[in-house]
Amino acid sequence: MVERSMWEWMVLLLQRFWPQFLKGTAMTVMLAIIGTAAGFAIGLIIGVIRTIPRRSGGKTGLSVRSVCLGIVNAILAVYTEVLRGTPMMVQAMLIYYGLTEFAHIDIAALPAGIIVITLNTGAYMAEIVRGGIGSIDYGQSEAAKAIGMNHWKTMIHVVLPQAIRHILPATGNEFVVNLKDSSVLNVITVTELFYQTKGLRNFYYRTYEPFLIAAAIYLLLTFVSSRLLRLLEKKLDGPTDFTLTEKSGALAGGRRRK
Amino acid sequence: MTNVIEVKDLRKSFGHREILKGIDLTVGQGEVVSVIGSSGSGKSTFLRCVNLLEWPTAGEILFKGESITRYGFKIPDYREKVGMVFQSFNLFANMNVLQNCTIGQIKVAGRNRDEARAIALDCLDQVGMSDYIRAKPRQLSGGQQQRVAIARALCMQPDALLFDEPTSALDPEMVGDVLNVISGLTHTGLTLIVVTHEMAFARDVSDRVVFMDGGVIAEQGSPEDIFTKPKSERLQEFLTRFLS
């Protein structure tokens, strides 16, 4: 057998197995994007539900509404606690094999993986969103209510746009975590980057080099995505200056200048 | 003069502390009522109860004869008709001045964009802020923010406006601007209830002055009566402290 240096092994692996690395990378990125986006949506919904005032109009005592809200809140609390309190790898096993075993649902590995990463991210995002909503000065919510907005309108138009801006760094963090932690889904045979890399070991009985390549790809992914998020944050903050408008111009203009 | 707001034996407790101990007040259409009193006398709590930002513990509040605390009363609709201006402005930080003034019109009152924009510009003009429609709240001074907040409330075309110490968070030199704007509203038929520490304003602008002390209305009357012929000892004390 030929003696090769580490670099030569890596070059050889890339030359021969680049489609595997590419497929694994694509799968990893897709899992991270879907998991973060869907988890974000779950987090927003839970965040809004958990901030609904328990006493509509301040009626004290038990009403149907406050009982329902109490039950929903309890379920949501259990959801976040359980999913944050157990490893994603275990959740993957339970959902993938559990569904087949007990519910007799024959679920493919990929959908199962997407469900796991989404539910997991959702649990973390729910807490992040709650913190984000809490960070918005309550006066603005009162002002929104004072012009007749209900809880949903207040959330959608006033609180969430600001809360989302506040939690964007934390959301980016979740995305980076998902890029890396999607690797645990290899236990249910989701063909992401770790799974693909693991499969390459047997061709040359080399373990170090394939995983060094995988590490480099993971690092590149996380580095690029955190830079992109930084750019997005800057863009969302908008310009720091504004222009005065001539009244006549403002009246005639009709539309805001881009 | 029809009654816009009638408050009957309004009580409010936070925990075991009773802040409002039975307030009775009737405010007629177009009337300008100033509420004065020392800090902690319950002025702000009273005003917040009128807009149901605080829920009364007991008592009744009628808006045009209808109880606002009864079950099934449409609180958002009521708040649309009774605007509120806060001590800390509370402009929507994610929107520019124009959007602050149009969002409620579009999303609550159901007006279309152009109509809302026209009304907003009109109201902003009234408070002297129509040149700033593209500014974000954080780019404005306190006085400017408060004038926008007043315009935002006016845009909903309410029957009554409640002011909760509108000038208390402002630099002295900006107080005048905001007070002028509020004075300008007094001849428009709008009902105003103004909680304030500005005695000159209360004296010159209001139809009636209400002095609150210890959670009750200790004295009320015309500005002249209140400021020149105070009957109760507490009011005399309060005025000496304030006017000296």
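The values are calculated or read from the model by the stated rules, or taken from the named source; none is laboratory data. Treat the numbers as computed from the prediction; the structure is a model and nothing was measured. Cβ: placed from backbone, ideal geometry, glycine included. Neighbour counts: every protein chain shown. To get the accessible areas, we keep the full protein, side chains included, count just its heavy atoms, and leave off ligands, DNA and RNA. Shrake-Rupley method; radii C 1.70, N 1.55, O 1.52, S 1.80 Å.
Take A:THR28 and decide whether it is touching a residue at least 60 places away in the same chain (Cβ under 8 Å), away from chain B (no Cβ under 14 Å), more than 24 Å from A:ILE156 (Cβ to Cβ) and among the hydroxyl-bearing types (Ser, Thr, Tyr).
The answer is yes for A:THR28.
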Answer with yes or no whether A:GLN162 is among the polar types (S, T, N, Q), assigned to a helix (DSSP H, G or I), touching a residue at least 24 places away in the same chain (Cβ under 8 Å) and within 22 Å of B:CYS101 (Cα to Cα).
yes
Report yes if some residue within segment A:186-206 is among the small types (Gly, Ala, Ser) and open to solvent by less than 20 Å² (accessible area, probe 1.4 Å); otherwise report no.
no
Criterion (assigned to a helix (DSSP H, G or I), surrounded by fewer than 18 Cβ atoms within 10 Å (Cβ to Cβ), more than 14 Å from every other protein chain (Cβ to nearest Cβ) and of a type outside the set (Phe, Trp, Tyr)) met by exactly one of A:ALA123, A:ALA170:
A:ALA170
For residues in segment B:202-212 being farther than 10 Å from B:ILE36 by Cβ and buried (at least 19 other Cβ atoms within 10 Å of the Cβ), which is modelled with the lowest pLDDT?
B:VAL205
Spot the failing condition for A:SER135; the list is (1) within 15 Å of A:HIS166 (Cα to Cα); (2) open to solvent by less than 20 Å² (accessible area, probe 1.4 Å), and only one is missed.
(2)
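In the set A:ALA108, A:ALA103, A:ALA143, which member is modelled with pLDDT of 95 or more and out of contact with any helix residue (DSSP H, G or I) (no Cβ under 7 Å at 6 or more places or on another chain)?
A:ALA143
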Just the residues that are touching a residue at least 12 places away in the same chain (Cβ under 8 Å), surrounded by 22 or more Cβ atoms within 10 Å (Cβ to Cβ) and not hydroxyl-bearing (Ser, Thr, Tyr), please, taken from segment B:97-120.
B:VAL97, B:LEU98, B:ASN100, B:CYS101, B:GLY104, B:GLN105, B:ALA116, B:ARG117, B:ALA120
Checklist (1) assigned to a loop (DSSP other than H, G, I, E, B); (2) open to solvent by less than 10 Å² (accessible area, probe 1.4 Å); (3) within 14 Å of another protein chain (Cβ to nearest Cβ) applied to B:TYR78, failing item:
(1)
Selection within segment B:81-95 - open to solvent by 30 Å² or more (accessible area, probe 1.4 Å) and within 7 Å of another protein chain (Cβ to nearest Cβ)
B:SER88, B:ALA93, B:ASN94
Taking helices (runs of 4 or more DSSP H) that fall entirely within segment B:100-211, which contain at least 1 residues that are touching a strand residue (DSSP E or B) at 6+ places or on another chain (Cβ under 9 Å) and away from chain A (no Cβ under 13 Å)?
B:172-184, B:199-205
The correct count of residues that are surrounded by 13 or more Cβ atoms within 10 Å (Cβ to Cβ) and either among the β-branched types (Val, Ile, Thr) or outside any helix (DSSP H, G or I) (or both) in segment A:89-99 is 1
Suppose we keep only residues that are open to solvent by 30 Å² or more (accessible area, probe 1.4 Å) and at negative phi within segment B:54-68. Which one would you say is nearest to the chain's Cα centre (by Cα)?
B:GLU54
On the basis of being assigned to a strand (DSSP E or B), over 15 Å from B:THR186 (Cβ atoms) and open to solvent by less than 20 Å² (accessible area, probe 1.4 Å), does B:PHE238 make the cut?
no
If we keep just the residues of segment B:44-70 that are closer than 14 Å to B:LYS81 by Cα, free of Cβ contacts under 8 Å to residues at least 60 places away in the same chain and in contact with a helix residue (DSSP H, G or I) (Cβ under 9 Å, 6 or more places away or on another chain), which is nearest to the other protein chains (Cβ to nearest Cβ)?
B:LEU52
Run B:ASP159 past the list (1) farther than 22 Å from B:PRO76 by Cα; (2) within 16 Å of the chain's Cα centre (by Cα); (3) open to solvent by 10 Å² or more (accessible area, probe 1.4 Å) and report the number of the one that doesn't hold.
(1)
Restricting the first residue to segment A:140-151 and requiring it to be more than 7 Å from chain B (Cβ to nearest Cβ) and on the phi < 0 side of the Ramachandran plot, which pairs with a second residue that is of a type in the set (A, V, I, L, M, F, W, C) and surrounded by fewer than 23 Cβ atoms within 10 Å (Cβ to Cβ) meet a Cβ separation below 6 Å and a spacing of at least six or different chains?
A:HIS151/A:ILE52
Among the candidates B:VAL33, B:VAL7, residue that is under 21 Å from B:PHE201 (Cα atoms), touching a residue at least 40 places away in the same chain (Cβ under 8 Å) and in a strand (DSSP E or B)
B:VAL33
Looking only at segment A:93-113, count how many residues are closer than 11 Å to A:LEU185 by Cβ and of a type in the set (Gly, Ala, Ser).
3
Going by the conditions given, is B:SER38 open to solvent by less than 20 Å² (accessible area, probe 1.4 Å) and under 19 Å from B:THR196 (Cβ atoms)?
no
Across (1) within 12 Å of A:LEU13 (Cα to Cα); (2) open to solvent by 20 Å² or more (accessible area, probe 1.4 Å); (3) not basic (Lys, Arg), A:PRO210 clears everything bar (2)
If you go through segment B:165-186 one residue at a time, do you hit one that is more than 20 Å from B:VAL33 (Cα to Cα), within 15 Å of the chain's Cα centre (by Cα) and not β-branched (Val, Ile, Thr)?
yes
